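Where a number appears in this text, it was derived from the coordinates with a stated rule and is not lab data. Keep in mind the model is a prediction, meaning the values are calculated, not measured. Positions of Cβ are backbone-derived with ideal geometry, glycine not excepted, and every protein chain shown enters the neighbour counts.
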Amino acid sequence: MDDNQNDICHLVNPEFSQHGYIQVYTGNGKGKTTASLGLTTRALGRGWKVLIVMFTKGGNNYGELNTFMNLAPVLKQKIKIVQAGLDRIVYSNNISEEDRKVVSDGWALAKKAILNNEYQMVVLDEANIAIDLGLIELDDMIQTLKNKPDRMEIVLTGRNAKPEIIEIAHLVSEIQPVKHYWDKGISAREGIEF
């Protein structure tokens, strides 16, 4: 059997399709959270139970939150969204104790849900940023990912994914900007950026 036939066997082999993988969306380009929420929509459409924890993001001015809150009741029962951030942008020079607490609480909830196999998909939005800022310990994240339930899909987003996270991930997409209208002074647009 040549390599192409072997690859095709992997694609149709139920053993591979029933396994849960670790996906990472990183890079400086726009679309990392959007990709993870597209996966969420697809998973919900297949009846999956999904947890989204949004690290370093608070407030309610996100179009995607409005969408998920207005889902049909049967789908709404399948999704839980937790905001583990304050309503502001967090940088290394403005981290407060409240930032640390809210991210820590969100990570504790996510970690418990992962280890207790409560969901089929867990999206850890901006987890890479939280790790990079020291708000989530890298070793704790790695151990949790390594011990995840076999069939659970876990998705991490955010810039600056650590090499150790990339190493254990099964799928890594690095989204890089080629051109962006922000460079011409166009500000974030409702319905597109938020």
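What to note about this one:
- Relative compactness, the chain, computed as alpha-carbon Rg over 2.2 N^0.38 Å: 1.07
- Degrees separating the helix 3-12 axis from the principal Cα axis of the chain, which is the longest one: 70 degrees
- Descending by average beta-carbon neighbour count within 10 Å, the peptides 153-161, 32-40 line up as 153-161, 32-40, the highest first.
- Charge tally for N117 (other residues, Cβ to Cβ under 13 Å; Lys, Arg +1; Asp, Glu -1): +2.
- Centre separation in Å (Cα based) which lies between the range 54-109 and the range 142-194: 16 Å
- Counting only alpha carbon atoms, the long axis of helix 97-115 and the longest principal axis of the chain meet at about 20°.
- Sparsely packed loop sites in the range 54-96 (the chymotrypsin sites (Phe, Trp or Tyr not before Pro) outside DSSP H, G, I, E and B with at most 14 other Cβ atoms within 10 Å) comprise Y91.
- Normalising the average separation of contacting C-alpha pairs (under 8 angstrom, six or more residues apart) by the number of residues puts the relative contact order of the range 20-184 at 40 percent.
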